[in-house]
Amino acid sequence: MLTLGCARNEVDSEELAGRLAGGGWDLVDAEETPDVIVVNTCGFVESAKKDSVDTLLAAADTGAKVVAVGCMAQRYGTELAESLPEASAVLGFDHYPDLAERLGDIVAGHSIPSHVPVDRRTLLPISPVERQQTDVTVPGHAWGPTVARKRLDDGPVASLKIASGCDRRCSFCAIPSFRGSFVSRLPDEIVAEGVWLAREGVREIVLVSENSTSYGKDLGREHAGQGALEAVLTRLADIPGIDRVRVSYLQPAETRPNLLRAIATTHGVADYFDMSFQHSSEPVLRRMRRFGNTESFLGLVEQIRALSPEAGIRSNVIVGFPGETEADVDELARFLTEARLDAVGVFGYSDEDGTEAEGLDGKLDADTIGARVARISALAEELTAQRAEDRIGTEVVVLVEREETDDEDCVGRAAHQAPEVDGECVVLDGEKYAAGDLLRARVVDTEGVDLVVEVIEVVPRANPGPQ
(Lines give C-alpha, C1' and ligand atoms only; values in the text may rest on other atoms or scores of the structure.)
Protein backbone atom coordinates (compact mmCIF):
# COMPACT_ATOMS: atom_id res chain seq x y z
CA MET A 1 0.00 0.00 0.00
CA LEU A 2 1.56 3.28 -1.16
CA THR A 3 -0.02 6.56 -0.07
CA LEU A 4 0.42 9.98 -1.64
CA GLY A 5 -1.06 13.33 -0.69
CA CYS A 6 -2.57 14.57 2.54
CA ALA A 7 -3.37 13.15 5.96
CA ARG A 8 -6.93 12.43 4.80
CA ASN A 9 -5.51 9.99 2.27
CA GLU A 10 -3.43 8.37 5.00
CA VAL A 11 -6.61 7.67 6.99
CA ASP A 12 -8.25 6.25 3.85
CA SER A 13 -5.25 3.94 3.30
CA GLU A 14 -5.49 2.62 6.85
CA GLU A 15 -9.18 1.93 6.34
CA LEU A 16 -8.40 0.13 3.07
CA ALA A 17 -5.63 -1.84 4.79
CA GLY A 18 -8.18 -2.94 7.39
CA ARG A 19 -10.67 -3.94 4.71
CA LEU A 20 -8.01 -5.92 2.83
CA ALA A 21 -6.79 -7.66 5.98
CA GLY A 22 -10.38 -8.61 6.74
CA GLY A 23 -10.68 -9.98 3.22
CA GLY A 24 -7.70 -12.31 3.55
CA TRP A 25 -4.88 -10.16 2.20
CA ASP A 26 -1.51 -9.72 3.90
CA LEU A 27 0.20 -6.34 3.86
CA VAL A 28 3.91 -6.76 3.06
CA ASP A 29 6.91 -4.48 3.41
CA ALA A 30 8.22 -2.63 0.38
CA GLU A 31 11.28 -4.89 0.01
CA GLU A 32 9.13 -8.01 -0.25
CA THR A 33 7.57 -9.20 -3.50
CA PRO A 34 3.86 -8.37 -3.51
CA ASP A 35 1.16 -9.78 -5.76
CA VAL A 36 -0.53 -6.37 -5.90
CA ILE A 37 0.56 -2.82 -5.19
CA VAL A 38 -2.31 -0.48 -4.28
CA VAL A 39 -1.43 3.17 -4.89
CA ASN A 40 -3.65 5.68 -3.07
CA THR A 41 -3.21 8.63 -5.42
CA CYS A 42 -3.50 12.38 -4.95
CA GLY A 43 -5.30 14.49 -7.57
CA PHE A 44 -5.24 17.95 -6.02
CA VAL A 45 -2.71 19.93 -8.09
CA GLU A 46 -0.54 19.25 -11.13
CA SER A 47 2.60 18.36 -9.16
CA ALA A 48 0.64 15.89 -7.02
CA LYS A 49 -0.84 14.27 -10.11
CA LYS A 50 2.65 13.87 -11.58
CA ASP A 51 3.90 12.26 -8.37
CA SER A 52 0.96 9.84 -8.49
CA VAL A 53 1.66 8.84 -12.09
CA ASP A 54 5.38 8.42 -11.38
CA THR A 55 4.57 6.21 -8.38
CA LEU A 56 2.19 4.07 -10.44
CA LEU A 57 4.81 3.61 -13.17
CA ALA A 58 7.52 2.72 -10.64
CA ALA A 59 5.17 0.21 -9.01
CA ALA A 60 4.47 -1.38 -12.40
CA ASP A 61 8.21 -1.82 -12.95
CA THR A 62 8.29 -4.29 -10.03
CA GLY A 63 6.22 -6.78 -11.99
CA ALA A 64 3.35 -6.71 -9.51
CA LYS A 65 -0.23 -5.95 -10.46
CA VAL A 66 -0.85 -2.24 -9.85
CA VAL A 67 -4.18 -0.78 -8.74
CA ALA A 68 -4.83 2.96 -8.61
CA VAL A 69 -7.29 4.22 -6.00
CA GLY A 70 -7.67 7.57 -4.27
CA CYS A 71 -8.39 11.08 -5.48
CA MET A 72 -6.72 10.97 -8.89
CA ALA A 73 -8.40 7.66 -9.69
CA GLN A 74 -11.74 9.04 -8.49
CA ARG A 75 -11.32 12.29 -10.41
CA TYR A 76 -10.16 10.90 -13.77
CA GLY A 77 -11.12 7.22 -13.76
CA THR A 78 -11.37 5.91 -17.32
CA GLU A 79 -9.21 8.75 -18.66
CA LEU A 80 -6.39 7.74 -16.32
CA ALA A 81 -6.83 4.08 -17.21
CA GLU A 82 -6.59 4.80 -20.93
CA SER A 83 -3.44 6.90 -20.56
CA LEU A 84 -1.80 4.50 -18.10
CA PRO A 85 -2.11 0.92 -19.37
CA GLU A 86 0.54 -0.12 -16.86
CA ALA A 87 -2.17 -0.02 -14.16
CA SER A 88 -4.18 -3.22 -13.88
CA ALA A 89 -7.19 -1.29 -12.60
CA VAL A 90 -8.32 2.23 -11.76
CA LEU A 91 -10.93 2.05 -9.01
CA GLY A 92 -13.06 4.75 -7.37
CA PHE A 93 -14.40 5.20 -3.86
CA ASP A 94 -17.43 3.03 -4.56
CA HIS A 95 -15.08 0.06 -5.04
CA TYR A 96 -13.65 0.40 -1.52
CA PRO A 97 -16.15 -1.86 0.32
CA ASP A 98 -15.36 -4.72 -2.07
CA LEU A 99 -11.69 -3.97 -2.70
CA ALA A 100 -10.48 -7.32 -1.31
CA GLU A 101 -12.64 -9.17 -3.83
CA ARG A 102 -11.60 -6.87 -6.68
CA LEU A 103 -7.92 -7.52 -6.00
CA GLY A 104 -8.64 -11.23 -6.10
CA ASP A 105 -10.27 -10.80 -9.49
CA ILE A 106 -7.26 -8.86 -10.75
CA VAL A 107 -4.74 -11.47 -9.58
CA ALA A 108 -6.90 -14.13 -11.25
CA GLY A 109 -6.51 -12.27 -14.53
CA HIS A 110 -9.98 -10.77 -14.77
CA SER A 111 -10.49 -7.29 -16.14
CA ILE A 112 -12.21 -4.80 -13.83
CA PRO A 113 -14.09 -1.93 -15.50
CA SER A 114 -12.48 1.39 -14.62
CA HIS A 115 -14.24 3.92 -12.47
CA VAL A 116 -16.41 6.34 -14.46
CA PRO A 117 -16.09 9.84 -12.96
CA VAL A 118 -19.15 11.74 -11.83
CA ASP A 119 -19.55 14.95 -9.86
CA ARG A 120 -19.80 13.36 -6.43
CA ARG A 121 -21.83 16.27 -5.06
CA THR A 122 -24.78 15.00 -7.11
CA LEU A 123 -24.85 11.73 -5.15
CA LEU A 124 -25.90 13.32 -1.86
CA PRO A 125 -29.00 15.35 -0.97
CA ILE A 126 -28.73 19.12 -1.17
CA SER A 127 -30.01 19.40 2.39
CA PRO A 128 -27.10 18.57 4.76
CA VAL A 129 -29.33 16.95 7.39
CA GLU A 130 -30.56 14.36 4.88
CA ARG A 131 -27.07 13.13 3.99
CA GLN A 132 -26.62 10.84 6.99
CA GLN A 133 -29.32 8.52 5.66
CA THR A 134 -27.67 7.79 2.29
CA ASP A 135 -25.54 4.76 1.46
CA VAL A 136 -22.90 6.58 -0.58
CA THR A 137 -19.40 5.33 0.21
CA VAL A 138 -17.42 7.98 2.11
CA PRO A 139 -13.74 7.00 2.52
CA GLY A 140 -12.41 7.13 6.05
CA HIS A 141 -15.86 6.87 7.64
CA ALA A 142 -16.26 3.11 7.80
CA TRP A 143 -14.43 2.33 11.04
CA GLY A 144 -16.50 0.21 13.37
CA PRO A 145 -17.55 -3.36 14.12
CA THR A 146 -17.27 -4.49 10.49
CA VAL A 147 -14.17 -2.53 9.37
CA ALA A 148 -11.05 -2.59 11.55
CA ARG A 149 -8.66 0.20 10.59
CA LYS A 150 -5.08 -1.05 10.37
CA ARG A 151 -2.29 1.34 11.27
CA LEU A 152 0.44 1.57 8.66
CA ASP A 153 3.09 2.87 11.08
CA ASP A 154 3.69 2.68 14.81
CA GLY A 155 4.34 6.37 15.47
CA PRO A 156 2.78 8.24 18.41
CA VAL A 157 0.70 10.51 16.13
CA ALA A 158 -2.31 9.54 14.03
CA SER A 159 -4.93 11.36 12.00
CA LEU A 160 -8.64 10.85 12.58
CA LYS A 161 -11.33 11.93 10.13
CA ILE A 162 -14.23 13.92 11.53
CA ALA A 163 -15.85 14.72 8.17
CA SER A 164 -15.39 14.48 4.41
CA GLY A 165 -16.29 16.64 1.44
CA CYS A 166 -17.01 20.34 1.24
CA ASP A 167 -19.99 22.57 0.50
CA ARG A 168 -17.91 25.64 -0.27
CA ARG A 169 -17.46 26.70 -3.88
CA CYS A 170 -13.99 28.22 -4.03
CA SER A 171 -13.39 29.00 -7.67
CA PHE A 172 -9.90 27.44 -7.75
CA CYS A 173 -10.71 24.13 -6.03
CA ALA A 174 -11.90 20.90 -7.61
CA ILE A 175 -11.97 18.84 -4.41
CA PRO A 176 -15.77 18.97 -3.82
CA SER A 177 -16.40 17.55 -7.29
CA PHE A 178 -14.56 14.30 -6.52
CA ARG A 179 -14.74 14.18 -2.72
CA GLY A 180 -18.41 15.18 -2.64
CA SER A 181 -20.58 17.32 -0.41
CA PHE A 182 -19.85 17.80 3.26
CA VAL A 183 -20.66 14.82 5.53
CA SER A 184 -19.88 14.70 9.27
CA ARG A 185 -19.14 11.55 11.19
CA LEU A 186 -21.19 10.88 14.31
CA PRO A 187 -19.47 12.00 17.53
CA ASP A 188 -19.67 8.55 19.15
CA GLU A 189 -17.92 6.98 16.13
CA ILE A 190 -15.13 9.57 16.26
CA VAL A 191 -14.59 9.07 19.99
CA ALA A 192 -14.66 5.26 19.67
CA GLU A 193 -11.98 5.41 16.99
CA GLY A 194 -9.99 7.77 19.22
CA VAL A 195 -10.15 5.21 22.04
CA TRP A 196 -8.89 2.55 19.63
CA LEU A 197 -6.00 4.77 18.53
CA ALA A 198 -5.02 5.29 22.16
CA ARG A 199 -4.92 1.52 22.64
CA GLU A 200 -2.64 1.37 19.58
CA GLY A 201 -0.15 3.62 21.36
CA VAL A 202 -1.11 6.97 19.85
CA ARG A 203 -0.50 10.02 22.06
CA GLU A 204 -1.56 12.77 19.65
CA ILE A 205 -4.66 12.74 17.46
CA VAL A 206 -4.88 15.11 14.50
CA LEU A 207 -8.46 15.78 13.39
CA VAL A 208 -8.70 16.05 9.61
CA SER A 209 -11.40 16.89 7.07
CA GLU A 210 -11.85 19.20 4.10
CA ASN A 211 -13.45 21.79 6.40
CA SER A 212 -13.46 21.15 10.14
CA THR A 213 -15.39 24.31 11.00
CA SER A 214 -18.49 22.90 9.26
CA TYR A 215 -18.51 19.88 11.55
CA GLY A 216 -21.95 18.98 12.85
CA LYS A 217 -24.09 21.06 10.51
CA ASP A 218 -25.57 17.90 8.96
CA LEU A 219 -26.18 15.94 12.16
CA GLY A 220 -29.54 17.34 13.16
CA ARG A 221 -30.59 19.06 16.36
CA GLU A 222 -29.07 16.50 18.69
CA HIS A 223 -25.51 17.24 17.58
CA ALA A 224 -25.49 20.22 15.23
CA GLY A 225 -25.14 23.92 15.76
CA GLN A 226 -22.70 25.92 17.83
CA GLY A 227 -20.56 23.65 19.95
CA ALA A 228 -20.54 20.39 17.96
CA LEU A 229 -16.81 20.45 17.27
CA GLU A 230 -16.06 21.86 20.71
CA ALA A 231 -17.89 18.94 22.33
CA VAL A 232 -15.96 16.38 20.27
CA LEU A 233 -12.67 18.05 21.17
CA THR A 234 -13.46 17.81 24.88
CA ARG A 235 -14.42 14.15 24.64
CA LEU A 236 -11.30 13.23 22.66
CA ALA A 237 -9.03 15.12 25.07
CA ASP A 238 -10.54 13.08 27.94
CA ILE A 239 -9.60 9.73 26.37
CA PRO A 240 -7.10 7.85 28.58
CA GLY A 241 -3.72 7.77 26.86
CA ILE A 242 -4.31 10.75 24.57
CA ASP A 243 -2.13 13.70 25.55
CA ARG A 244 -2.84 16.08 22.68
CA VAL A 245 -5.66 16.65 20.19
CA ARG A 246 -5.04 18.92 17.22
CA VAL A 247 -7.57 20.38 14.77
CA SER A 248 -6.69 21.08 11.15
CA TYR A 249 -8.41 22.78 8.17
CA LEU A 250 -10.31 25.70 9.68
CA GLN A 251 -12.17 28.15 7.44
CA PRO A 252 -11.76 31.76 8.68
CA ALA A 253 -15.28 32.73 7.57
CA GLU A 254 -16.78 29.95 9.71
CA THR A 255 -14.54 30.22 12.77
CA ARG A 256 -16.52 31.57 15.72
CA PRO A 257 -15.32 32.90 19.11
CA ASN A 258 -16.52 29.81 21.01
CA LEU A 259 -14.40 27.54 18.82
CA LEU A 260 -11.37 29.80 19.20
CA ARG A 261 -11.82 29.68 22.96
CA ALA A 262 -12.20 25.90 23.02
CA ILE A 263 -9.04 25.31 20.99
CA ALA A 264 -7.04 27.89 22.92
CA THR A 265 -8.08 26.91 26.45
CA THR A 266 -9.25 23.27 26.59
CA HIS A 267 -6.73 21.12 28.45
CA GLY A 268 -5.32 18.49 26.12
CA VAL A 269 -6.21 20.40 22.94
CA ALA A 270 -3.27 22.00 21.12
CA ASP A 271 -3.58 25.77 20.87
CA TYR A 272 -2.95 25.50 17.16
CA PHE A 273 -4.93 27.20 14.39
CA ASP A 274 -4.67 25.95 10.82
CA MET A 275 -6.44 28.86 9.11
CA SER A 276 -7.19 28.66 5.39
CA PHE A 277 -6.64 32.34 4.48
CA GLN A 278 -5.49 31.75 0.83
CA HIS A 279 -4.97 35.50 0.29
CA SER A 280 -5.87 38.73 2.07
CA SER A 281 -6.67 41.18 -0.76
CA GLU A 282 -10.44 41.53 -0.91
CA PRO A 283 -10.71 41.72 -4.74
CA VAL A 284 -8.70 38.49 -5.10
CA LEU A 285 -10.67 36.73 -2.38
CA ARG A 286 -13.95 37.63 -4.06
CA ARG A 287 -12.73 36.18 -7.37
CA MET A 288 -11.77 33.10 -5.40
CA ARG A 289 -15.36 33.10 -4.05
CA ARG A 290 -14.08 33.50 -0.53
CA PHE A 291 -14.80 35.98 2.25
CA GLY A 292 -12.67 38.27 4.36
CA ASN A 293 -9.88 40.79 3.91
CA THR A 294 -6.67 41.87 5.58
CA GLU A 295 -8.37 43.65 8.46
CA SER A 296 -10.82 40.86 9.29
CA PHE A 297 -8.03 38.28 9.17
CA LEU A 298 -5.79 40.39 11.40
CA GLY A 299 -8.73 40.70 13.78
CA LEU A 300 -9.01 36.91 13.90
CA VAL A 301 -5.30 36.58 14.61
CA GLU A 302 -5.66 39.18 17.38
CA GLN A 303 -8.53 37.22 18.96
CA ILE A 304 -6.45 34.04 18.95
CA ARG A 305 -3.41 35.66 20.52
CA ALA A 306 -5.54 37.40 23.15
CA LEU A 307 -6.65 33.93 24.26
CA SER A 308 -3.22 32.30 23.88
CA PRO A 309 -0.21 34.50 23.06
CA GLU A 310 1.97 31.48 22.20
CA ALA A 311 -0.65 29.80 19.99
CA GLY A 312 0.53 28.44 16.69
CA ILE A 313 -1.14 29.91 13.60
CA ARG A 314 -0.40 28.65 10.10
CA SER A 315 -1.90 29.13 6.66
CA ASN A 316 -1.47 28.58 2.94
CA VAL A 317 -1.65 31.36 0.37
CA ILE A 318 -2.04 31.36 -3.40
CA VAL A 319 -0.32 34.02 -5.50
CA GLY A 320 -0.75 34.71 -9.19
CA PHE A 321 -4.51 34.16 -9.18
CA PRO A 322 -6.23 35.48 -12.34
CA GLY A 323 -6.62 39.25 -12.10
CA GLU A 324 -4.18 39.63 -9.19
CA THR A 325 -2.33 42.96 -9.34
CA GLU A 326 0.90 44.15 -7.76
CA ALA A 327 -1.26 46.08 -5.30
CA ASP A 328 -2.96 42.83 -4.31
CA VAL A 329 0.43 41.22 -3.69
CA ASP A 330 1.46 44.23 -1.60
CA GLU A 331 -1.72 43.78 0.46
CA LEU A 332 -0.91 40.12 1.03
CA ALA A 333 2.61 41.09 2.09
CA ARG A 334 1.16 43.60 4.54
CA PHE A 335 -1.08 40.96 6.07
CA LEU A 336 1.75 38.45 6.50
CA THR A 337 4.02 41.10 7.98
CA GLU A 338 1.45 42.17 10.57
CA ALA A 339 0.05 38.70 11.31
CA ARG A 340 3.43 37.07 12.03
CA LEU A 341 2.20 33.54 11.44
CA ASP A 342 4.19 30.52 12.57
CA ALA A 343 4.14 28.73 9.22
CA VAL A 344 3.05 29.77 5.73
CA GLY A 345 2.79 27.62 2.62
CA VAL A 346 3.09 29.65 -0.59
CA PHE A 347 1.71 28.27 -3.84
CA GLY A 348 1.61 29.65 -7.35
CA TYR A 349 -1.77 29.51 -9.06
CA SER A 350 -2.35 26.90 -11.74
CA ASP A 351 -5.54 25.99 -13.58
CA GLU A 352 -7.43 22.98 -12.28
CA ASP A 353 -9.70 20.99 -14.59
CA GLY A 354 -13.37 21.86 -14.27
CA THR A 355 -13.00 24.78 -11.87
CA GLU A 356 -14.53 28.20 -12.33
CA ALA A 357 -11.10 29.85 -12.16
CA GLU A 358 -10.00 27.88 -15.21
CA GLY A 359 -12.29 30.13 -17.29
CA LEU A 360 -11.49 33.46 -15.63
CA ASP A 361 -9.84 36.26 -17.55
CA GLY A 362 -6.75 38.09 -16.35
CA LYS A 363 -4.46 35.03 -16.39
CA LEU A 364 -0.85 35.81 -15.50
CA ASP A 365 2.16 34.35 -17.27
CA ALA A 366 4.37 31.77 -15.60
CA ASP A 367 7.28 34.18 -15.09
CA THR A 368 5.09 36.70 -13.27
CA ILE A 369 3.61 33.99 -11.05
CA GLY A 370 7.08 32.60 -10.33
CA ALA A 371 8.40 36.02 -9.35
CA ARG A 372 5.49 36.59 -6.98
CA VAL A 373 5.92 33.16 -5.42
CA ALA A 374 9.60 33.94 -4.86
CA ARG A 375 8.81 37.32 -3.29
CA ILE A 376 6.12 36.07 -0.90
CA SER A 377 8.06 32.90 -0.08
CA ALA A 378 11.13 34.92 0.90
CA LEU A 379 9.01 37.22 3.06
CA ALA A 380 7.21 34.28 4.69
CA GLU A 381 10.51 32.51 5.39
CA GLU A 382 11.92 35.62 7.06
CA LEU A 383 8.79 36.29 9.12
CA THR A 384 8.30 32.72 10.31
CA ALA A 385 11.96 32.49 11.28
CA GLN A 386 11.51 35.65 13.34
CA ARG A 387 8.41 34.19 14.96
CA ALA A 388 10.44 31.10 15.90
CA GLU A 389 13.19 33.29 17.38
CA ASP A 390 10.55 34.96 19.56
CA ARG A 391 10.11 31.60 21.28
CA ILE A 392 13.70 31.44 22.54
CA GLY A 393 13.56 31.26 26.33
CA THR A 394 9.99 29.98 26.43
CA GLU A 395 8.90 26.51 27.48
CA VAL A 396 7.28 24.01 25.12
CA VAL A 397 5.92 20.49 25.50
CA VAL A 398 7.47 18.26 22.84
CA LEU A 399 6.17 14.90 21.67
CA VAL A 400 9.16 12.88 20.42
CA GLU A 401 8.54 11.32 17.03
CA ARG A 402 12.01 10.23 15.90
CA GLU A 403 14.74 8.80 18.09
CA GLU A 404 18.35 9.82 17.75
CA THR A 405 20.57 7.69 15.49
CA ASP A 406 24.10 8.04 14.15
CA ASP A 407 22.67 9.95 11.18
CA GLU A 408 19.67 11.81 12.62
CA ASP A 409 18.80 14.00 15.58
CA CYS A 410 16.08 13.23 18.07
CA VAL A 411 13.13 15.35 16.92
CA GLY A 412 9.56 16.00 17.95
CA ARG A 413 6.93 18.67 17.78
CA ALA A 414 5.53 21.26 20.14
CA ALA A 415 1.86 22.24 20.31
CA HIS A 416 2.29 24.92 17.64
CA GLN A 417 3.80 22.47 15.13
CA ALA A 418 1.66 20.06 13.10
CA PRO A 419 3.03 16.94 11.38
CA GLU A 420 4.70 17.39 7.99
CA VAL A 421 3.60 20.97 7.28
CA ASP A 422 5.28 22.98 10.08
CA GLY A 423 8.65 23.03 11.78
CA GLU A 424 9.94 20.61 14.40
CA CYS A 425 11.92 20.59 17.62
CA VAL A 426 15.49 19.26 17.70
CA VAL A 427 16.07 17.76 21.16
CA LEU A 428 19.52 18.21 22.72
CA ASP A 429 20.97 15.09 24.40
CA GLY A 430 18.39 13.23 22.36
CA GLU A 431 19.93 9.79 22.95
CA LYS A 432 18.12 9.73 26.30
CA TYR A 433 14.62 9.81 24.82
CA ALA A 434 12.37 7.48 22.86
CA ALA A 435 9.60 8.02 20.34
CA GLY A 436 6.39 8.69 22.21
CA ASP A 437 8.07 10.49 25.13
CA LEU A 438 6.47 13.77 26.14
CA LEU A 439 9.06 16.35 27.20
CA ARG A 440 8.83 19.69 28.92
CA ALA A 441 11.65 21.68 27.35
CA ARG A 442 13.11 25.17 26.99
CA VAL A 443 13.79 26.71 23.60
CA VAL A 444 17.48 27.66 23.40
CA ASP A 445 18.00 28.28 19.69
CA THR A 446 16.33 28.13 16.28
CA GLU A 447 17.11 26.89 12.79
CA GLY A 448 14.66 28.69 10.55
CA VAL A 449 11.23 27.61 11.80
CA ASP A 450 12.72 24.68 13.72
CA LEU A 451 13.39 25.03 17.44
CA VAL A 452 16.37 23.66 19.35
CA VAL A 453 15.28 22.62 22.83
CA GLU A 454 16.87 21.37 26.05
CA VAL A 455 14.79 19.04 28.19
CA ILE A 456 13.63 20.09 31.63
CA GLU A 457 11.72 16.89 32.45
CA VAL A 458 9.93 13.94 30.95
CA VAL A 459 6.21 14.50 31.42
CA PRO A 460 4.39 11.46 32.82
CA ARG A 461 1.07 10.58 31.30
CA ALA A 462 -1.48 12.49 33.32
CA ASN A 463 -4.23 10.45 31.71
CA PRO A 464 -2.65 7.03 31.12
CA GLY A 465 -4.42 4.57 28.91
CA PRO A 466 -4.22 0.78 28.75
CA GLN A 467 -0.71 -0.54 28.18
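Values as computed for the structure displayed
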read-out	value
Tally, over the stretch 290-300, of residues that are open to solvent by 80 Å² or more (accessible area, probe 1.4 Å) and out of contact with any helix residue (DSSP H, G or I) (no Cβ under 7 Å at 6 or more places or on another chain)	1
Within the stretch 405-423, considering residues that are under 25 Å from the mean Cα position of the chain (by Cα) and farther than 15 Å from Arg244 by Cβ, the one most open to solvent (accessible area, probe 1.4 Å)	Glu420
Condition met for Asp367 (assigned to a loop (DSSP other than H, G, I, E, B) and either open to solvent by 40 Å² or more (accessible area, probe 1.4 Å) or free of Cβ contacts under 8 Å to residues at least 24 places away in the same chain (or both))	no
Hits in the stretch 122-134 - residues which are of a type outside the set (Val, Ile, Thr) and within 25 Å of the chain's Cα centre (by Cα)	Leu123, Leu124, Pro128, Arg131, Gln132
Residue match in the stretch 301-313 (condition: over 16 Å from Thr384 (Cβ atoms), free of Cβ contacts under 8 Å to residues at least 24 places away in the same chain, out of contact with any Ser or Thr (no Cβ under 8 Å at 6 or more places or on another chain) and buried (at least 22 other Cβ atoms within 10 Å of the Cβ))	no
Members of the stretch 65-86 found to be assigned to a loop (DSSP other than H, G, I, E, B) and open to solvent by 20 Å² or more (accessible area, probe 1.4 Å), listed by number	Pro85, Glu86
Qualifying residue in the stretch 377-395 (condition: surrounded by fewer than 20 Cβ atoms within 10 Å (Cβ to Cβ), of a type in the set (S, T, N, Q), out of contact with any Gly (no Cβ under 7 Å at 6 or more places or on another chain) and free of Cβ contacts under 8 Å to residues at least 24 places away in the same chain)	no
Enumeration of residues in the stretch 86-115 that are β-branched (Val, Ile, Thr) and under 21 Å from Asp54 (Cα atoms)	Val90
Checking Val444 against (1) surrounded by 14 or more Cβ atoms within 10 Å (Cβ to Cβ); (2) of a type in the set (A, V, I, L, M, F, W, C); (3) more than 24 Å from Val346 (Cβ to Cβ), the condition it does not meet	(1)
Failed criterion for Glu101 (all others in (1) over 30 Å from Ala418 (Cβ atoms); (2) touching a strand residue (DSSP E or B) at 6+ places or on another chain (Cβ under 9 Å); (3) part of a helix (DSSP H, G or I) hold)	(2)
Cross-chain or 6+ apart pairs with Cβ under 8 Å, the stretch 260-272 first and hydroxyl-bearing (Ser, Thr, Tyr), then open to solvent by 40 Å² or more (accessible area, probe 1.4 Å)	Thr265/Leu307; Thr266/Thr234
Residue satisfying all of: in the stretch 87-121; of a type in the set (Ser, Thr, Tyr) and buried (at least 19 other Cβ atoms within 10 Å of the Cβ); nearest to the chain's Cα centre (by Cα) among these	Tyr96
Among residues of the stretch 1-30, those that are of a type outside the set (Gly, Ala, Ser), in contact with a helix residue (DSSP H, G or I) (Cβ under 9 Å, 6 or more places away or on another chain) and part of a helix (DSSP H, G or I), counted	7
Qualifying residues in the stretch 331-359 (those that are part of a loop (DSSP other than H, G, I, E, B), crowded, with 17+ Cβ neighbours inside 10 Å and touching a residue at least 60 places away in the same chain (Cβ under 8 Å)) - the one farthest from the chain's Cα centre (by Cα)	Thr355
Test: residue in the stretch 378-389 that is outside any loop (DSSP other than H, G, I, E, B), within 23 Å of Ser248 (Cα to Cα), modelled with pLDDT of 95 or more and touching a helix residue (DSSP H, G or I) at 6+ places or on another chain (Cβ under 8 Å)	yes
In the stretch 31-55, residue surrounded by the fewest Cβ atoms within 10 Å (Cβ to Cβ) [restricted to those that are assigned to a strand (DSSP E or B) and of a type in the set (A, V, I, L, M, F, W, C)]	Val36
Ala142 vs. criteria modelled with pLDDT under 95, touching a helix residue (DSSP H, G or I) at 6+ places or on another chain (Cβ under 8 Å) and within 30 Å of Leu438 (Cβ to Cβ)	no
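Residue-by-condition table, conditions (1) touching a residue at least 24 places away in the same chain (Cβ under 8 Å); (2) out of contact with any Gly (no Cβ under 8 Å at 6 or more places or on another chain):
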site	(1), (2)
Asn9	yes, no
Val28	no, yes
Val36	yes, yes
Lys50	no, yes
Ala60	yes, yes
Ala64	yes, yes
Ala81	yes, yes
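The values are calculated or read from the model by the stated rules, or taken from the named source; none is laboratory data. Just so you know, these numbers come straight off a predicted model, no measurement behind them. Glycine also receives a Cβ, built like all others from the backbone with ideal geometry; neighbour counts cover every protein chain displayed. Surface areas here come from the heavy atoms of the whole protein model, side chains and all, with no ligands, DNA or RNA. Shrake-Rupley method; radii C 1.70, N 1.55, O 1.52, S 1.80 Å.
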